[in-house]
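Down below is the structure, laid out as structure tokens.
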Amino acid sequence: MSYLNKAAMRSKTGFWPNNRGTILGVAAFAVIIAIIPFTASSSMMNIAVFSMIFALPAIGLSLLMGLAGQVSLGQAAFFAIGAYTHAILLQKFEMPGPVAAVGGVAAAMLAALLIGLPMLRLRGHYLALATLGLGFIVMIAVREWEFTGRTTGIYGYGRPEVFGIPIDNNGLFFWFVAPFVLIGLVLALNLTRSRAGRALSAVNDSELAAESLGVNTYALRVKVFTLSAGFAGLGGVFYAYQVQIVSPQVAEFHVSVELLLMVVLGGLGSVWGAVAGAFIVELLSEGLRDLIPAIIPGATGEVQLIGYGLVLILVIILLPGGLYQVVKSAWAAITRRRADASAKPSSAASVDGGSGEVPTRAFGGLPGEAPAGAGLDEATDAAASDARIPTVSTPVAAGQPILEVSGLTKRYGGVVAVDDVTLTVPAGQIMGLIGPNGAGKTTCFNMITGAIAPTSGTVRFLGEEIQGRKPHVGAEAGLTRTFQNLQVFSSTDVVGNVYMGRYRKGRAGILRGMFGLQGREQYAHEEIAHDILDSMRLGDVAGLAAGDLPFGRQRMMEVCRALAAEPALLLLDEPMAGLSGSERELLAQLLRALRDAGLTIVLVEHDVAQVMALADTVAVLDDGVLIAHGDPESVRNDPAVIVAYLGTDAEEAEAELKELEDQS
Amino acid sequence: MIDFLQLTVAGLSQGSVYALLAVGLIATYTVRHVVNIAQGDYATLAGLGSISLVTAGLPLPVAILIALISVTLASVLIERLVIARVKNLTTLVSIILTLGVSTLLQAIMLLIWGAEAKRLPAFPGSDLTLGGVSIRSQELWMLGALVVVGGGVLLFYEKTRWGKALRASAEQPVAARIVGISPAAASVIAFAIAGFVGATAGVVSSPIYLSIWSGGLLLGLKGFVAAVLGGLVSFRAAIVGALLLGIIESYVAGYVASGWKDAVAFFILIIVLIIRPAGLVLRPNAVRV
């Protein structure tokens, strides 16, 4: 089968299919924008201009909430910093408009960086609270400071000019701000689908798994937060131009609430939703300001807040996904109906195509080995053709130490979970780590991979000390792992999970992602992810939501994900648990083939017989202490091991020993 | 010196309001892991409600009692109608959700009571002067309310079986159910306590600090800053922190400029979050898995 055919089958790769939605959406939006000033009444035009201005901070906030999984309750603070800086640079320093605008955006980003650097180290609600505090500080500061004009604010600067045309009415201003919103929208959409964006949504599913694949969560979150403030600052720049006087009102808390409402209403993490939310909230606000005094005579002030509060509560309770969710499920219903209508005549053919395709992509590439549990005739010819074993990197020669653990200890209060474990793993071998329940195997794994910090002791990977560092440090150097309790990225599909394994092989950062300059790199990684899935017979489910797979296949998917990283050292935590007999056999074959290709593997396993059959060396932990280490044969006959597994009953011990021998 | 002491007294009385609100916030946070942004609005609601009742001719104690009971019920109602409806209520979602509740409550208060600040008549008692420092009787009522109501909640949570079971229901819902307290009941009780404590803060402070529709947010946030000083779990640290916050604010207002007073709490918040996010009493906990 040709490569092109396969790529077409997989269909998701290619510029047009990948970007069709964005291109059509942006084109439609651009047409609407072009028309609005000709058709809208002057009051509607006013609403439209403010919607466009507020769409910018809303897009920023939606990136922060969707990608960094964090909420800013002080988005208005960054908006205000942008507006004030812009106005001050124009009015007091008489800088040209573009320079002042850049200054406004930069000031907002700098403020975010200063808050984000300490706050984003903490998880949970701390950033929300700190930004809330920042919001009040900014409001009070601009109100009290002579330089910012106290309660009057900054005024008396000129309107913007473009090619000598003064932007002095709402229609022109709308067109003035529109290109920035469109560009911002495209950049934000690109970012959500970029390497960094996908990494961050993986972090929201499982921070530990993402970091174990090399994602530096902290750095990415700081960048997204800073970027989000940049959007807010740009909104502030336009706001300053439009209203011609920047006063402390712009920093008020209810502006932050308004922005939050736009994003929540539009749908968390949906960039389009944020833009739609901006228009709806502005309309709602104007509408309520007219409506409520009509119903309740004498009502004045911020009466629109009643709508904000109600909508915020109702959306979170009834519609947690916001408008984005509504549109998405409506669209799915439409396409399903259309598909149902057209599918009948051609369904037989497509089923044929499917069944012909699946086995050909099963487990190819292992020399001289027929796929286990095949029963599918086509499988044999696959070995020859297109599926490959995942590439293996071997930075040290076989037999040389790749991982050196020395004196590794973990205490929880008075309990010693792991006690002074010293162990060297030579490259190019499979090492089995066994021991009874609670022996400290997973704790050892967690310390080696950086998921938890050891109380004492060192972990050297490729000669570099990595103990106590975050998981992405080891991962970047080529150490990947799977998890006993599966850590699936449930917000993406199976191939998306394996694609995340490619993270450390990618290069594109946030900027490249935003400008969409990483398509080729991404397609290549997706292609490799598909190949790896094929080799593990998961090709047929590549497009399914990862959470929908049965348990055993999720486990296989995690192994694929770890392999996609092309690790030098692979740590598998109970990879066989929950697998069917044929899946176990398939996995064992793959592990052997990988070992032969030079990969070093450490696996924790409950199934002693499996480990004995597979491993070159076996280490045994009991009560946190390393009680034996050597080749399977000597470990099997070690009296300490027998006692550890079976207590002191010699008769039973012998029976078990016999059973073990029979099995091997 | 007299100035200094006078400012300290004013700070303590203002701090006692923050302390009561902090106690309310911790009461719900320990049980439900909800950061209730609407906590301060309970105070304004009770203040404005009792003012209307007094204006309608009811005696002050009766008006206050009705206001306290109504706000407690309102808090329970909010828990049932809003908080309990969200299935996967993370702390972040709870912040957005209760922000919605707070905004709604404020808008309702604006529509009912209008935009001007209102004052409840002072409680009975006579002002006294100690070594040149004058102490208003209302300030003693405020501190007294903290001792009785705040102290009562603290003892309930820390010393009684019921209180301990309530706290346990956040950490161990299954275990709590085994000892006979359902998470739903625990949540209702916690919100009732939060409502009552917030309402108490509102009525005792109204004669001096007035009640205005939008005042609750800032009050609640300052209570929140105090609660963060206690790591959102320690009542004692939060109460001490709240009193300190009140005093520092009072000094800033007296010696620097009254306009900057409201910014103090947030500078403290950010500094504490940077230095000791787990609060001033707890050992920082670095568990990441």
| query | Quick one: would you say B:Gly216 is part of a helix (DSSP H, G or I), within 14 Å of chain A (Cβ to nearest Cβ) and either at pLDDT 90 or above or out of contact with any strand residue (DSSP E or B) (no Cβ under 7 Å at 6 or more places or on another chain) (or both)? | reply | yes
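For A:Pro320, indicate whether it is out of contact with any Phe, Trp or Tyr (no Cβ under 8 Å at 6 or more places or on another chain), in contact (Cβ under 8 Å) with a residue 12 or more places away in the chain, in the same structural domain as A:Ala178 (by TED's automatic domain parsing) and not basic (Lys, Arg). Before the answer, list the steps.
Values: out of contact with any Phe, Trp or Tyr (no Cβ under 8 Å at 6 or more places or on another chain): yes; in contact (Cβ under 8 Å) with a residue 12 or more places away in the chain: yes; in the same structural domain as A:Ala178 (by TED's automatic domain parsing): no; not basic (Lys, Arg): yes.
The answer is no for A:Pro320.
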| message | Being within 14 Å of another protein chain (Cβ to nearest Cβ), in a helix (DSSP H, G or I) and out of contact with any Pro (no Cβ under 9 Å at 6 or more places or on another chain) is true for just one of B:Gly40, B:Gly49, B:Gly24, B:Gly11. Which residue is that? | response | B:Gly40
| field | Residue in segment A:309-318 that is at pLDDT below 85 and either outside any helix (DSSP H, G or I) or buried (at least 18 other Cβ atoms within 10 Å of the Cβ) (or both) present | value | no
| request: Give the residue, chosen from B:Ile66, B:Ile26, B:Ile2, that is of a type outside the set (Ser, Thr, Tyr), touching a residue at least 40 places away in the same chain (Cβ under 8 Å) and farther than 23 Å from B:Ile239 by Cβ. | output: B:Ile2
| task | Would you mind finding the one in B:Val34, B:Val54 that is of a type in the set (A, V, I, L, M) and assigned to a helix (DSSP H, G or I)? | result | B:Val54
| With respect to the numbered conditions (1) farther than 23 Å from A:Ile88 by Cβ; (2) within 14 Å of another protein chain (Cβ to nearest Cβ); (3) surrounded by fewer than 24 Cβ atoms within 10 Å (Cβ to Cβ); (4) touching a residue at least 40 places away in the same chain (Cβ under 8 Å), which one is the sole condition not fulfilled by A:Ser285? | (4)
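Rundown of residues vs (1) among the polar types (S, T, N, Q); (2) crowded, with 24+ Cβ neighbours inside 10 Å; (3) out of contact with any strand residue (DSSP E or B) (no Cβ under 8 Å at 6 or more places or on another chain); (4) closer than 19 Å to B:Leu232 by Cα, yes/no style:
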{"residue": "B:Ala10", "(1), (2), (3), (4)": "no, no, yes, no"}
{"residue": "B:Gln14", "(1), (2), (3), (4)": "yes, yes, yes, no"}
{"residue": "B:Ile26", "(1), (2), (3), (4)": "no, yes, yes, yes"}
{"residue": "B:Ala38", "(1), (2), (3), (4)": "no, yes, yes, yes"}
{"residue": "B:Gly47", "(1), (2), (3), (4)": "no, yes, no, no"}
| said: Which residue is farthest from the other protein chains (Cβ to nearest Cβ), if the candidates are limited to segment A:260-278 and must be in a helix (DSSP H, G or I) and more than 23 Å from A:Ala77 (Cβ to Cβ)? | reply: A:Trp272
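Among the candidates B:Val147, B:Val133, B:Val153, which residue alone is more than 14 Å from chain A (Cβ to nearest Cβ) and surrounded by fewer than 16 Cβ atoms within 10 Å (Cβ to Cβ)?
Details: B:Val133 fails: surrounded by fewer than 16 Cβ atoms within 10 Å (Cβ to Cβ); B:Val153 fails: surrounded by fewer than 16 Cβ atoms within 10 Å (Cβ to Cβ).
Exactly one residue qualifies, and that residue is B:Val147.
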| field | Tabulated pairs, segment A:512-528, first on the phi < 0 side of the Ramachandran plot and free of Cβ contacts under 8 Å to residues at least 24 places away in the same chain, second part of a helix (DSSP H, G or I) and surrounded by 20 or more Cβ atoms within 10 Å (Cβ to Cβ), C-beta under 7 angstrom, 6+ apart or interchain | value | none
| message | Out of everything in segment A:125-135 that is small (Gly, Ala, Ser) and within 7 Å of chain B (Cβ to nearest Cβ), what residue ends up being nearest to B:Leu92 (Cα to Cα)? | response | A:Ala128
| field | Complete set of residues in segment A:194-247 that are over 10 Å from the mean Cα position of the chain (by Cα) and basic (Lys, Arg) | value | A:Arg221, A:Lys223
| query | For segment B:251-266, what are the residues that are at the interface with chain A (Cβ under 7 Å from one of its Cβ atoms), crowded, with 19+ Cβ neighbours inside 10 Å and not aromatic (Phe, Trp, Tyr)? | reply | B:Asp262, B:Ala263
| request: Tell me which residues, restricted to segment A:100-118, are surrounded by 21 or more Cβ atoms within 10 Å (Cβ to Cβ) and within 14 Å of another protein chain (Cβ to nearest Cβ). | output: A:Ala111, A:Ala112, A:Ile115, A:Gly116
| remark: Checked pairs for segment A:291-309, first in contact (Cβ under 8 Å) with a residue 12 or more places away in the chain, second of a type in the set (Gly, Ala, Ser), C-beta under 7 Å and 6 or more apart or across chains, list as A:Ile292/A:Ala299; A:Val303/B:Ala107; A:Gln304/A:Ser285; A:Leu305/B:Ala107; A:Ile306/B:Ala107
| query | Tally time: how many residues in segment A:89-144 are modelled with pLDDT of 95 or more and out of contact with any helix residue (DSSP H, G or I) (no Cβ under 8 Å at 6 or more places or on another chain)? | reply | 2
| When only residues in segment A:136-168 that are more than 20 Å from A:Glu252 (Cβ to Cβ) and β-branched (Val, Ile, Thr) count, which is farthest from the other protein chains (Cβ to nearest Cβ)? | A:Ile165
| Given A:Leu305, A:Leu288, A:Leu260, which one is over 23 Å from B:Glu116 (Cβ atoms) and either outside the structural domain of A:Phe78 (by TED's automatic domain parsing) or among the hydrophobic types (A, V, I, L, M, F, W, C) (or both)? | A:Leu260
| How about segment B:80-106: which of its residues are part of a helix (DSSP H, G or I), more than 7 Å from chain A (Cβ to nearest Cβ) and more than 18 Å from the chain's Cα centre (by Cα)? | B:Arg80, B:Leu81, B:Ile83, B:Ala84
| Any hit, segment A:390-409, residues being crowded, with 22+ Cβ neighbours inside 10 Å, part of a loop (DSSP other than H, G, I, E, B) and not assigned by TED's automatic domain parsing to the domain that holds A:Ile601 | yes
| field | Selection status of B:Arg236, within 30 Å of A:Arg469 (Cα to Cα), surrounded by fewer than 24 Cβ atoms within 10 Å (Cβ to Cβ) and either modelled with pLDDT of 90 or more or within 12 Å of chain A (Cβ to nearest Cβ) (or both) | value | no
| Boolean, A:Val237 is within 29 Å of A:Thr148 (Cα to Cα) and either part of a helix (DSSP H, G or I) or away from chain B (no Cβ under 14 Å) (or both) | yes
| A:Gly598 fails exactly one of the following numbered conditions: (1) without any contact (Cβ under 8 Å) to a residue 12 or more places away in the chain; (2) on the phi > 0 side of the Ramachandran plot. What is the number of that condition? | (1)
| Which residue pairs have Cβ atoms under 7 Å apart, sit 6 or more places apart or on different chains, and have a first residue in segment A:130-149 that is touching a residue at least 12 places away in the same chain (Cβ under 8 Å) and farther than 20 Å from A:Leu90 by Cβ and a second that is charged (D, E, K, R) and assigned to a loop (DSSP other than H, G, I, E, B)? | A:Met139/A:Glu252; A:Arg143/A:Arg150
| Which residue out of B:Gly47, B:Gly15, B:Gly40 is within 18 Å of the chain's Cα centre (by Cα), over 22 Å from B:Glu116 (Cα atoms) and at pLDDT 95 or above? | B:Gly15
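The values are calculated or read from the model by the stated rules, or taken from the named source; none is laboratory data. Quick caveat: nothing in here was measured; it's all calculated off a predicted structure. Cβ atoms come from the backbone with ideal geometry, glycine included; neighbour counts cover every protein chain shown.
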